[in-house]
Amino acid sequence: MRHNSREHDTISLLQQDTWRMACLKAGYAVGANDWYLAAGFVRNLIWDYLHSKKAATPLSDVDFVYFNAHDTSLQAEEELRERLIELMPDPAWQVRNQARMHIRNSHRAYRNSEDAIAHWPEVPTCVGAKLKDDGRIAIVAPYGLDENWTFDVRPNQGIPYPPELFARRVKEKNWMKIWPNLIIHWPKGAGLTDC
C-alpha cells in the first residue's frame, strides 16, 4: 500500500504543476512508442516538494525517452525532438531512443523503456511519467518510489557503475546545494563518506 500512496502523491504533484502537465501533453502528442518523461522531470519535483520550495528548480533539460527497436537512427530522435519543440519550445528537450542506449552504456540490450530506466545510476533517478490514452498519468519506477520520497540518495546497486561516476554526478548536478536535506549514500571507492 505504501508504494501505491507514493504513486498517488507523485501523480498529485505532477497534476498541480501546470508546466509539467504541458510537457506531458506534448510528449503524448508526438505519438512515440513506449515513452516517458523521466529522471529529473519527476525526481526534482518530489525533492522540491520535500524541501518546501516555493518555485520549481529549473531543469537543465527534459529527458524524453522512448523505445523503438525498428528505427534507432539519430535522425528519428532529432525529428521527435523537433516535433516536441514545435509543441512546446521552452524546455531543452533531450530525446533518446532507449533501444540504442545500451550500446553507449556497455549493457546488454534493453527490453523496453522501463528496463532502460532501471539501468540508470541512482535509484531516485530511475523514475518516469507519461500520459495514457485516457489522459491519466502513468508512473514507471522499477525500484518503487519510496527512495524518491525520502532524503536518501543511493547508487543503483544492480548495475556495476564505477563509484566515482555516482560521486561525479552528485557533485556536478549540485544536488547538495539545491536540496541540502538529501542524505547521499556514497558507494565504497568514491573517496567520500555518508553525509
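Please treat every number below as a calculation from the coordinates, not as lab data. None of these values were measured; they are calculated from a predicted model. Glycine also receives a Cβ, built like all others from the backbone with ideal geometry; neighbour counts cover every protein chain displayed.
Among the listed residues GLN15, GLN75, which satisfies the condition of being assigned to a helix (DSSP H, G or I), of a type outside the set (D, E, K, R) and surrounded by 13 or more Cβ atoms within 10 Å (Cβ to Cβ)? Talk me through it step by step, then tell me what you get.
Values: GLN75 fails: surrounded by 13 or more Cβ atoms within 10 Å (Cβ to Cβ).
Answer to the check: GLN15.
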Handout entry: From THR72, THR57, residue being of a type in the set (Val, Ile, Thr) and under 15 Å from the mean Cα position of the chain (by Cα)
Key = THR57
Problem - Where a residue in segment 164-175 is in contact (Cβ under 8 Å) with a residue 12 or more places away in the chain and its partner, wherever it lies, is among the β-branched types (Val, Ile, Thr) and not in a helix (DSSP H, G or I), with Cβ under 8 Å and at least six apart - result: VAL170/VAL153; VAL170/ILE184; TRP175/VAL153; TRP175/ILE184
Practice task
Quick one: count up the residues across segment 18-60 that are in a helix (DSSP H, G or I), among the hydroxyl-bearing types (Ser, Thr, Tyr) and surrounded by 22 or more Cβ atoms within 10 Å (Cβ to Cβ).
Solution key: 0
Fill in the blank from the handout: The correct count of residues that are farther than 13 Å from HIS51 by Cβ and surrounded by 14 or more Cβ atoms within 10 Å (Cβ to Cβ) in segment 166-185 is 7
Fill in the blank from the handout: Flagged in segment 122-151 as crowded, with 17+ Cβ neighbours inside 10 Å, assigned to a loop (DSSP other than H, G, I, E, B) and over 11 Å from the mean Cα position of the chain (by Cα), in numbering order, are PRO142, TYR143, LEU145
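Name the one entry in HIS119, HIS107 that is surrounded by fewer than 17 Cβ atoms within 10 Å (Cβ to Cβ) and either of a type outside the set (Gly, Ala, Ser) or not in a loop (DSSP other than H, G, I, E, B) (or both).
Details: HIS119 fails: surrounded by fewer than 17 Cβ atoms within 10 Å (Cβ to Cβ).
Going through HIS119, HIS107 in turn, just one is surrounded by fewer than 17 Cβ atoms within 10 Å (Cβ to Cβ) and either of a type outside the set (Gly, Ala, Ser) or not in a loop (DSSP other than H, G, I, E, B) (or both): HIS107.
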